[in-house]
1. Using Cα atoms only, what is the angle between the long axis of helix B:13-31 and the major principal axis of chain B, expressed in degrees (0 to 90) to the nearest 10?
2. State the Cα centre-to-centre distance between segment A:68-106 and segment A:6-63 in whole Å.
3. Cα-Cα over 32 Å: which of B:89/B:261; A:39/A:417; A:89/B:234; B:261/B:307?
4. Output the 0 to 90 degree angle, nearest 10, between the alpha-carbon long axis of helix B:337-347 and the longest principal axis computed from the alpha carbons of chain B.
5. What's the total accessible area buried between chains A and B, using a 1.4 Å probe, rounded to the nearest 100 Å²?
6. Can you list residues whose amide H is under 5 Å from residue A:336's amide H, if they're 5+ apart or on another chain and H is modeled 1.01 Å from N?
7. Mind checking A:356-368 for the average number of partner chain beta-carbons within 10 Å of each residue's beta-carbon?
8. Show me, for segment A:206-220, the HN-Hα J-couplings you get by feeding each phi into the Karplus relation (A = 6.51, B = -1.76, C = 1.60, θ = phi - 60°), rounded to Hz, glycine and proline as x.
Number of protein chains: 2
Amino acid sequence: MTAVLPAKPEANLDGLCRDLAARARAAADALTSVRTDAKNRWLQAAAAALESRSAEILAANADDVAAAPGYGLNAAAIDRLTLTPARLKAAADGLRQVAALPDPVGEVREGGRRPNGLEVLKVGVPLGVVFFIYESRPNVTVDAAGLCVKSGNAVILRGGKEAIHSNTALHRVLAAELPACGLPPDAVQLVPTTDREAVGHLLRLGDLIDLAIPRGGESLIRRVAREATMPVLKHYDGNCHVYLDAAADPDMAERIVVNAKCQRPGVCNAAESLLVHAAVADTLLPRVAAALQAKGVELRGCEETRKRVPSAKPATDADHRTEFLDLVMSVKVVPDLDAAVRHINAYGSKHTDAIVTSDLAAARRFTERVDAAAVVVNASTRFNDGFELGLGAEIGISTDKFHARGPCGLRELTTYKYVVTGDGQIRG
Amino acid sequence: MTAVLPAKPEANLDGLCRDLAARARAAADALTSVRTDAKNRWLQAAAAALESRSAEILAANADDVAAAPGYGLNAAAIDRLTLTPARLKAAADGLRQVAALPDPVGEVREGGRRPNGLEVLKVGVPLGVVFFIYESRPNVTVDAAGLCVKSGNAVILRGGKEAIHSNTALHRVLAAELPACGLPPDAVQLVPTTDREAVGHLLRLGDLIDLAIPRGGESLIRRVAREATMPVLKHYDGNCHVYLDAAADPDMAERIVVNAKCQRPGVCNAAESLLVHAAVADTLLPRVAAALQAKGVELRGCEETRKRVPSAKPATDADHRTEFLDLVMSVKVVPDLDAAVRHINAYGSKHTDAIVTSDLAAARRFTERVDAAAVVVNASTRFNDGFELGLGAEIGISTDKFHARGPCGLRELTTYKYVVTGDGQIRG
């Protein structure tokens with residue numbers, strides 16, 4: 001059975017959303033004393049259920065895929081919407097990986113004893129209720145549920161309307177395993193309507209929901225940031241730079257630029273802009289440009305670039321600000337490292353910026369002055385990712401500076417409290 | 001000379017505010033490579049200047065104090081506005097204490113080497129530009145400037161209009177020492193107008209300002225939270241509880257409740273509400289109530305309380321939600337620990353809540369389930385304070401969960417970046 005839910009406006013949407021959030025709040029309160037063992041049991045049980053109940057999930061997904069052309073989805077979007085036995089297995093394995101990660105709840109982050117004998121511990125605790133808004137990739141439903149529950153949060157899931165049958169089936173399968181593992185049944189909820197207004201209603205419930213996480217295009221994120229009455233974990237664009245310093249090793253420079261641009265051009269930590277120190281523009285730039293062009297990259301360069309690479313198109317100011325997510329790269333020759341830093345801080349998106357250099361002072365100055373979530377020396381920008389940095393699975397990459405910066409894994413889904421224990425201390 | 005600035009509306013207020021913020025932004029960029037030594041030199045020089053130039057500061061303050069009745073300030077507010085040589089000395093000593101604190105910028109918070117040889121460091125960095133909005137306590141001007149500069153942030157100060165002469169003089173003295181210490185002159189700026197609209201203009205500059213910190217009454221904080229386009233560090237009220245468990249030591253219970261309520265009733269970490277387990281209501285409640293009443297505390301209790309303490313007034317539901325900031329306390333008898341936790345989570349303000357118990361399981365359950373910035377066992381709520389918890393001077397106490405919770409010291413005025421260093425690593 002794949003329950004088809006109404007796309008028509010809900011009569012009592014505000015009441016429905018408030019009830020959803022209130023149940024999440026109660027689940028979050030109960031989750032504060034659920035042990036890691038129980039959460040891991042659920043992750044394992046949910047993974048097994050995704051596999052054993054794959055037929056009903058795939059049948060529901062087939063309904064979505066059949067309806068997708070009617071929503072105007074193109075081939076790439078339909079591919080992202082489509083589940084296969086292999087993709088379900090990968091989602092289940094993702095839950096098993098989350099089970100293996102350390103629990104950030106109860107983690108003592110700092111602690112010690114004060115001169116008066118008070119023991120002060122700074123202890124990781126869940127944020128509470130997370131509202132997760134995403135597009136039509138059903139595997140995200142599984143990832144988000146796993147990360148939120150492991151970090152002790154109740155989650156309200158809101159996927160794209162094009163995936164409603166898949167998400168309903170996935171949610172049914174995941175939630176069915178909660179009670180037997182000793183977890184509150186409302187720890188994972190799905191907004192049970194595709195009414196677009198539901199998002200706005202939920203974003204107004206800052207008294208019940210602790211964090212909103214939008215994952216999708218910039219317009220979705222800006223809408224959520226504008227309407228939300230709770231904090232929002234934002235991931236805007238990744239306009240990432242590679243700067244080739246005067247002291248760059250030429251082989252390393254070519255290898256890193258090609259990898260950063262071409263290995264997976266459609267992701268946020270791919271490089272979009274190349275900066276080259278003027279002292280090596282004659283020697284290094286033609287070589288790196290040729291290597292990029294051999295991979296099919298279209299170059300858009302400044303005047304100094306086009307003197308060395310006549311095949312490059314002229315770059316506009318907008319090109320230097322653009323996250324192409326494609327085999328296109330802006331190129332600029334800069335007089336020195338400080339000019340590179342100024343350009344990055346003015347045009348970049350504070351996501352990931354790299355320098356290639358063998359000069360220690362240059363590396364120190366670049367890492368200190370570039371304002372980005374990750375600053376990389378002599379390696380590809382593609383390493384700014386939760387797995388690659390050692391955080392494990394991530395729920396997103398924050399381009400904000402507040403609370404969490406860069407990849408957000410389990411710990412970034414928590415906050416802390418001070419636990420202060422004494423034996424009768426009072427203040428004098 | 002005490003420059004009197006216009007209280008009349010500014011003609012080009014938006015331009016003035018944008019210029020102020022842009023200069024702060026440039027100063028913040030320059031601060032990223034200023035060393036701890038230079039910041040500490042400025043803190044020491046500024047402290048010395050506050051003392052050596054006290055005459056001009058006190059003269060400016062006298063102008064404010066003379067004008068205060070015209071603004072309708074009462075005696076307590078005029079006292080907070082008034083500077084004396086001793087208070088200036090205390091402010092200077094505050095700067096010297098900040099100089100002695102460790103620098104959170106450059107602090108490696110985590111780090112290690114990945115299997116592929118990449119070194120990943122999570123390094124403390126400044127937030128950038130802080131907009132600090134406060135009421136008419138001139139010493140706050142000094143404290144905020146010291147904490148922001150030590151944490152590498154440029155600060156825009158906006159004190160109450162009643163303190164404009166004092167703040168102008170203090171800012172002049174503090175800022176005069178910046179260039180000689182190698183710090184950007186715009187690291188500390190004061191909004192150079194008392195025009196009320198300036199706050200609104202600055203709160204719209206989320207592209208230039210990284211954090212707003214309002215310090216004052218709830219209406220100020222709510223206004224800032226509503227209008228701000230940047231994150232806001234919020235400090236709402238402190239409705240703090242002391243819960244006397246069935247296993248509370250009677251002497252300790254009395255000592256802690258009296259201290260939490262009476263030692264300084266006007267501050268946010270003073271207790272406002274007393275909860276007593278029913279099993280000890282007959283024995284413990286009359287004794288603790290008598291001790292409180294002997295200190296002049298007015299009690300407002302539930303029906304069960306009034307059976308044991310007939311002199312208590314009846315408590316309304318609103319009394320249980322109120323931060324009295326005075327010698328008034330609400331009292332409630334609860335059937336068990338879980339009822340105490342539910343009451344605290346429903347009526348409290350997530351600030352500071354204490355339990356008195358000798359029962360380890362009760363202490364564990366209380367600290368785990370109460371959702372507050374600080375949860376205290378067998379000690380006074382009054383210990384939730386930056387100095388008492390070992391963080392050093394604080395810029396405020398956050399009642400939010402996001403970014404920072406509880407006392408916000410130097411580290412809470414920073415964020416982090418990942419610094420990733422390799423020797424040519426690319427992703428496969």
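The values are calculated or read from the model by the stated rules, or taken from the named source; none is laboratory data. Everything numeric here is computed off the predicted structure, so don't read it as measured data. Glycine gets a Cβ as well: all are built from the backbone with ideal geometry, and neighbour counts include every protein chain shown. When the accessible area is computed, the model is the full protein with side chains, heavy atoms only, and any ligands, DNA or RNA have been set aside. Shrake-Rupley method; radii C 1.70, N 1.55, O 1.52, S 1.80 Å.
1. So the inclination is approximately 90 degrees.
2. Rounded to whole Å, the Cα centres lie 15 Å apart.
3. Working: B:89/B:261 30 Å; A:39/A:417 21 Å; A:89/B:234 44 Å; B:261/B:307 22 Å.
Result: A:89/B:234 exceed 32 Å.
4. Between helix and principal axis, roughly 40 degrees.
5. Numbers: alone 18840 and 18870 Å², together 31770 Å².
It comes to approximately 5900 Å² buried between A and B.
6. Answer set, sorted by chain and number: A:278.
7. Details: counts 1, 0, 1, 0, 0, 0, 0, 2, 2, 1, 1, 8, 8.
Taking all residues of A:356-368 together, the mean is 2.
8. Those phi angles translate into x, 6, 10, 10, 8, 7, 10, 10, x, 10, x, x, 4, 5, 4 Hz.
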